[in-house]
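Chemist: Once you've had a glance at the structure underneath, I'll fire off some questions.
Bear in mind these aren't lab numbers, they're just calculated from the coordinates by the rules spelled out. Since we're looking at a predicted model, the values are computed, not measured. Please note: Cβ atoms are built from the backbone with ideal geometry, for glycine as well, and neighbour counts cover all protein chains shown.
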Amino acid sequence: MPNNSVRNISQDIDGEIWLATPTDIVKWVDTTWTNFNKYNSDIPTEGIYDIRFKDKKNMYIGAGSGLYWKNDTTWTVFKRPNVSFSGTDCIIKIEFDKNGELWLIVGSGISHFNGTSWTHYTRQNSILPSMDIKCISFDKFNNAWIGTNSGLLIINENGIEGYADIKENIHTSFLLYPNPATDQLFISSETGLNASLEIFNPLGERVLLQSISGNSASINISSLKAGVYFVSLCSESGWVQQKFLKQ
Amino acid sequence: MKKFLLIFCITLSYQLSVCQPVNQKYLLLTTKNSLLQSNVINDIKFDNENTAWIGTNSGLSVVRDKSWLNINQSNSNIPHNTVTHIAIKEDKMWFAFMETCGILVDVCNLENGVWTCYNKTNSWLSAIFTQDLVINNNYEPLVGTDAGLFRIHNKIVTVYQKAISVCLIIQ
């Protein structure tokens with residue numbers, strides 16, 4: 001062992017154990033320990049946080065200086081400015097979802113690579129409640145469950161799956177218009193709107209609370225600053241949320 | 001494990017009373033809109049039945065469909081309420097706990113509703129904090145810590161460190 005700090009443990013396709021330490025990657029097979037680092041191998045970095053194997057030919061290393069992907073013998077580096085990681089290139093954790101797509105816990109957010117393009121989740125562009133991301137895991141529906149120090153966020157770009165029995169009892173949808181809006185925001189729903197309406201800013205702070213009823217309502221948003229907001233509609237039967245832009 | 005879960009889910013299940021968006025990309029669960037025991041979510045793992053095991057700073061939450069079971073020191077024999085890491089492989093489950101504001105790490109196995117824990121008082125597991133927990137192909141837990149790698153096999157905790165490797169049999 002080159003270092004007593006074992007940051008992450010990974011198994012390759014053959015079940016062999018690899019350890020991520022700050023200075024080295026360690027391969028452990030039976031009684032044999034093999035250290036790989038910047039000076040005795042082709043590993044291009046130090047400051048290692050995580051190592052993951054997608055298959056026999058694809059290895060990923062998360063480090064303080066970016067994401068390092070080894071495809072067979074070729075290394076590719078993902079870091080700013082080529083990839084718009086949120087605030088930092090520090091890749092704390094690497095995970096693969098049920099489709100084999102790459103998810104990263106970056107210093108101050110979550111990044112997802114679908115093989116073609118990156119999506120970066122931050123406090124500014126999603127309801128990610130905190131920059132302190134603890135973990136990410138995937139259920140059988142491929143919903144991403146993200147643990148933070150301010151709550152549990154479930155993400156699915158195709159719509160959260162797997163809660164059909166709950167969905168049956170809640171609002172199907174509501175219409176929010178215009179979007180972008182200036183002074184007035186209108187809301188309507190065919191199923192009725194006996195609910196409390198809340199508007200949150202991107203920091204998760206509630207900026208407006210209003211009770212509404214009937215099939216439609218108007219909300220005065222003239223006091224809000226320009227920017228992106230989230231409208232949450234909460235009633236006894238459930239909760240729905242939509243995003244809008246205040247001009 | 002199935003029996004354990006069934007008993008607890010029947011006796012202690014709760015309706016998932018969370019406001020949830022429909023066809024939306026995001027769902028945020030907190031202590032205000034769900035039965036989460038803490039907003040600090042340290043680890044999440046799913047078992048073979050898609051049950052979510054959620055480690056928080058105030059205990060362990062087990063969520064299956066609409067049933068929600070909270071496990072903490074007041075209703076179980078877990079050593080601490082702070083659950084830092086979870087490892088699940090088939091029907092094997094291991095959990096790492098940390099003493100709140102302390103320096104005591106416990107790594108525990110849950111089998112048939114019984115918790116068996118290893119810590120510095122009964123083994124060489126003397127780490128200050130856990131950084132990773134996995135179960136290898138031999139169903140042994142491997143614990144990555146600030147003080148080396150620990151392996152538990154047949155109640156023997158083996159320590160792998162920079163200079164030495166030692167072991168102690170738990171009583």
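Chemist: Within the stretch B:130-148, count every residue that is facing chain A (nearest Cβ under 7 Å), of a type in the set (A, V, I, L, M) and under 18 Å from the mean Cα position of the chain (by Cα).
Modeler: 2
Quick grid of which residues meet (1) within 12 Å of another protein chain (Cβ to nearest Cβ); (2) among the polar types (S, T, N, Q); (3) crowded, with 17+ Cβ neighbours inside 10 Å; (4) out of contact with any His (no Cβ under 9 Å at 6 or more places or on another chain):
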| site | (1), (2), (3), (4) |
| --- | --- |
| A:GLY62 | no, no, yes, yes |
| A:ASP72 | no, no, no, yes |
| A:ILE92 | yes, no, yes, yes |
| A:VAL106 | no, no, yes, no |
| A:HIS112 | yes, no, yes, no |
| A:GLN124 | no, yes, no, yes |
| A:ILE133 | yes, no, yes, yes |
| A:SER150 | yes, yes, yes, yes |
| A:GLU157 | yes, no, no, no |
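Chemist: Moving on. Checking B:TRP68 against (1) closer than 23 Å to B:TYR139 by Cα; (2) over 14 Å from the mean Cα position of the chain (by Cα), only one condition comes out false. Which one?
Modeler: Unmet for B:TRP68, out of (1) closer than 23 Å to B:TYR139 by Cα; (2) over 14 Å from the mean Cα position of the chain (by Cα): (1).
Chemist: Which of the residues spanning the stretch B:69-125 are buried (at least 18 other Cβ atoms within 10 Å of the Cβ) and in contact with a helix residue (DSSP H, G or I) (Cβ under 9 Å, 6 or more places away or on another chain)?
Modeler: B:LEU69, B:ASN70, B:ILE71, B:LEU110
Chemist: If the requirement is being assigned to a strand (DSSP E or B), away from chain B (no Cβ under 14 Å) and farther than 14 Å from B:LEU149 by Cβ, which of these qualifies: A:TYR39, A:TYR49, A:TYR68?
Modeler: On inspection, the qualifying residue turns out to be A:TYR68.
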